[in-house]
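Engineer: Take this structure first; my questions come after.
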Amino acid sequence: MLQRIGLQLLHHGRMLPTVLSQSSAVLRSFSAAPQPAEDTDTGVPIIEKKGISLRGVPLYLDMQATTPMDPRVIDAMLPFMTEQFGNPHSRTHLYGWESEEAVEDARAKIARLIGADPKEIIFTSGATESNNTAIKGVATYHKDKKKHVITTQTEHKCVLDSCRWLQQRGWDVTYLPVRPDGLLDLNTLESAIRPDTALVSVMAVNNEIGVVQPLKEIGEICRSKGVYFHTDGAQAVGKIPLDVNAAKVDLLSISGHKIYGPKGVGALYVRRRPRVRLEPLMSGGGQERGFRSGTVPTPLVVGLGAACEVAQREMEKDLAHVKRLEERLRTGIVSQLQGVVLNGPSDPAQRYPGNLNLSFAYVEGESLIMGLKEIAVSSGSACTSASLEPSYVLRALGVEEELAHTSIRYGMGRFTTEAEVDRAISMTVDHVNKLREMSPLWEMVQEGVDLKSIQWAQH
């Protein structure tokens with residue numbers, strides 16, 4: 001990961017002293033977590049958080065949740081957080097002019113990454129707002145003639161909830177199933193399109209299992225039927241090659257913090273030819289061609305543009321890097337453990353390699369997650385106060401509930417190292433073995449018992 005170092009700002013060639021506000025939280029390098037105490041015996045930092053004691057900072061392997069900001073992105077943003085602080089919509093002085101110029105430069109960088117025209121890029125607060133705007137905006141604009149929307153059962157929550165919002169207001173929504181590998185069946189999609197279908201929304205790369213949907217084929221079907229095609233590209237943009245014209249994508253959602261940019265900023269690509277019509281969600285000053293009113297946050301937008309520029313330049317290298325790490329992690333775990341199941345496509349060409357989702361048979365899911373507290377990973381499950389529910393994405397794939405409970409998503413990226421992957425392999429193998437030693441089910445499997453043939457008694 002990035003070296004954890006303190007930052008000082010340059011101001012007219014001079015170093016500014018680091019100033020910390022007086023508060024109850026003491027900064028831990030870049031983090032707002034409390035300063036760790038040291039184990040008196042080993043000297044290892046102990047961090048107390050959420051009732052858990054951590055021996056040092058965990059390894060970060062959760063790149064689908066968020067990514068660390070690239071230092072080059074921070075460098076691009078800093079001038080617009082200090083001296084060049086103008087409102088980009090102020091047209092009467094230098095401060096506004098230079099901010100507007102920076103915003104338009106960022107818009108062009110984002111457009112280049114996806115093969116779009118800069119005028120087709122609308123800035124938003126993130127992919128959630130972009131998804132809401134695309135789905136609700138298109139449906140609302142066409143409500144008098146078209147009342148049907150199509151999506152899949154494995155979409156991000158904000159897409160599914162936007163579709164439910166439409167259902168509550170009279171729209172018909174078709175939630176298409178996916179195959180066991182997570183891919184959408186194109187024949188199923190084509191047969192689901194109706195004369196009154198306004199929009200098809202299918203995510204480019206799934207956030208839980210990394211499956212890459214066939215966007216070009218989906219785009220061809222939608223264009224031939226006269227239906228708008230929206231894709232949630234939060235996990236795809238900047239990570240795999242993407243061209244909105246080649247794939248005939250009409251609307252595409254982008255997130256800043258998934259591509260080593262800042263949080264709180266994103267973009268929505270809206271095609272101009274053939275023109276996509278949609279109703280804006282926010283009213284106000286009419287910024288962003290009237291699609292998204294509100295002052296554009298120049299530092300965040302500049303950061304998003306810089307992140308896209310770096311991603312375009314280094315995509316090939318980044319992809320090769322995560323491919324090596326994924327193979328190292330997957331083979332390292334599978335070669336030492338039985339009963340490990342890959343969730344998602346087995347064909348590497350159909351899966352983004354930075355996302356590795358594995359299930360571990362014959363262990364208890366919650367114990368597995370708690371035991372891996374020194375690795376920052378996702379369980380692929382939604383935790384509630386009463387229970388640990390299995391992932392709805394894995395359920396849609398037909399994964400058995402017991403295996404879905406034990407899924408771990410390892411997320412690797414630009415700054416992940418081989419040493420971190422090797423440490424994750426060691427900790428995962430050790431903990432799974434430890435849990436299986438305590439599992440009567442594992443003992444029965446080792447003795448050759450077929451668990452599916454057992455008639456369990458109810459109490």
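The values are calculated or read from the model by the stated rules, or taken from the named source; none is laboratory data. Computed from a prediction, not measured in an experiment: that's the story for all the values here. Cβ placement follows ideal geometry from the backbone for every residue including glycine, while neighbour counts extend to all protein chains displayed. Only protein heavy atoms, including side chains, enter the accessible area calculation; ligands, DNA and RNA are left aside. Shrake-Rupley method; radii C 1.70, N 1.55, O 1.52, S 1.80 Å.
Engineer: Please list the radius of gyration and Dmax for the chain, considering alpha-carbon atoms only, with Å as the unit.
Structural biologist: Calculated on Cα positions, Rg and Dmax stand at 23.9, 81 Å.
Engineer: Let me ask something additional. Over the stretch 92-201, what portion of Cα pair distances is larger than 18 Å, expressed as a whole percent?
Structural biologist: The share of Cα pairs beyond 18 Å in the stretch 92-201 comes to 61 percent.
Engineer: Let me ask you something else. For a test of the definition: using alpha carbon positions, the gyration tensor, and the 1.5 limit on a/c, classify the stretch 178-229 as rounded, prolate or oblate.
Structural biologist: prolate
Engineer: Of the beta bridges DSSP finds with both residues in the stretch 118-236, what % are antiparallel, to the nearest 5?
Structural biologist: In the stretch 118-236, approximately 10 percent of DSSP beta bridges are antiparallel ones.
Engineer: Can I ask one more? Only Lys, Arg, Asp and Glu count, each charged at its Cβ (+1, +1, -1, -1), so figure out the dipole size of the chain about its Cα centre, rounded to 20 debye.
Structural biologist: 1640 debye
Engineer: Continuing with the same structure: According to a simple spin-label model (label point 7 Å from Cα along Cα-to-Cβ), what is the distance in nm between residue 188 and residue 117?
Structural biologist: That separation, rounded to one decimal, is 3.7 nm.
Engineer: Principal axis lengths of the stretch 314-445 from Cα atoms, whole Å, largest first?
Structural biologist: That gives 46, 30, 28 Å along the principal axes, largest extent first.
Engineer: Hey, another quick one. Kindly provide the trypsin sites (Lys or Arg not before Pro) of the stretch 117-160 that DSSP labels as loop, not H, G, I, E or B, and whose Cβ sees at most 11 other Cβ atoms within 10 Å.
Structural biologist: Passing both the DSSP loop test and the Cβ count: 145.
Engineer: With +1 on the Cβ of every Lys and Arg and -1 on the Cβ of every Asp and Glu, and nothing else charged, how large is the dipole of the stretch 159-304 about its Cα centre, in debye rounded to the nearest 20?
Structural biologist: The dipole magnitude comes to about 520 debye.
Engineer: While we're on this one: Report relative contact order for the chain in percent, whole number only (criteria: Cα-Cα under 8 Å, sequence separation at least 6).
Structural biologist: 18 percent
Engineer: Contact order normalised by length for the stretch 314-445, with contacts defined as Cα pairs under 8 Å and 6 or more residues apart; what percent is it?
Structural biologist: Normalised by residue count, the contact order of the stretch 314-445 is 33 percent.
Engineer: Here's something else I'd like to know. If I model a spin label as a point 7 Å beyond the Cα along the Cα-Cβ vector, how far apart are those points for residue 169 and residue 55 in nm?
Structural biologist: Distance between label points: 5.4 nm.
Engineer: In whole percent, and with a 1.4 Å probe on the protein chains, what portion of the accessible area of the chain is carbon and sulfur?
Structural biologist: C and S atoms contribute 52 percent here.
Engineer: Below 8 Å between Cα atoms, with a sequence gap of 6+, how large is the relative contact order for the stretch 71-310 in percent?
Structural biologist: 28 percent
Engineer: Moving to a separate point now. Local charge sum around residue 406 (other residues, Cβ-Cβ under 15 Å, Lys/Arg +1, Asp/Glu -1)?
Structural biologist: -3
Engineer: Among 375, 89, 99, whose Cα sits farthest toward the positive end of the charge dipole of the chain (+1 at Cβ of Lys/Arg, -1 at Cβ of Asp/Glu, about the Cα centre)?
Structural biologist: Comparing the listed Cα positions along the dipole, 89 ranks first.
Engineer: Another one. Residues with beta-carbon under 13 Å from that of residue 371, excluding residue 371: net charge, scoring Lys, Arg +1 and Asp, Glu -1? Provide the component values of the computation, followed by the final result.
Structural biologist: Details: positive: 373, 434, 436; negative: 364, 366, 374, 430, 437.
With Lys, Arg at +1 and Asp, Glu at -1, the neighbours total -2.
Engineer: For the stretch 71-310, report the accessible area per residue in Å² (1.4 Å probe, heavy atoms, rounded to an integer).
Structural biologist: Accessible area per residue, the stretch 71-310: 39 Å².
Engineer: Projected onto the charge dipole of the stretch 266-311 (+1 at Lys/Arg Cβ, -1 at Asp/Glu Cβ, origin at the Cα centre), which of 276, 307, 266 gives the Cα projection farthest towards the positive end?
Structural biologist: 276
Engineer: Still on this structure, please answer the following. Rank 230, 93, 142 by accessible area, highest first, at a 1.4 Å probe radius? Walk me through the numbers before you get to the answer.
Structural biologist: Working: 230 0, 93 75, 142 45 Å².
Heavy-atom accessible area, descending, gives 93, 142, 230.
Engineer: Another question, then. What is the magnitude of the charge dipole of the stretch 314-445 about its Cα centre, with +1 placed on the Cβ of each Lys and Arg, -1 on the Cβ of each Asp and Glu, and no other charges, expressed in debye to the nearest 20?
Structural biologist: Computed charge dipole of the stretch 314-445: roughly 260 debye.
Engineer: May I ask you to list the residues of the stretch 283-304 whose amide nitrogen lies under 15 Å from a point 7 Å from Cα along the Cα→beta-carbon direction of residue 72?
Structural biologist: 303-304
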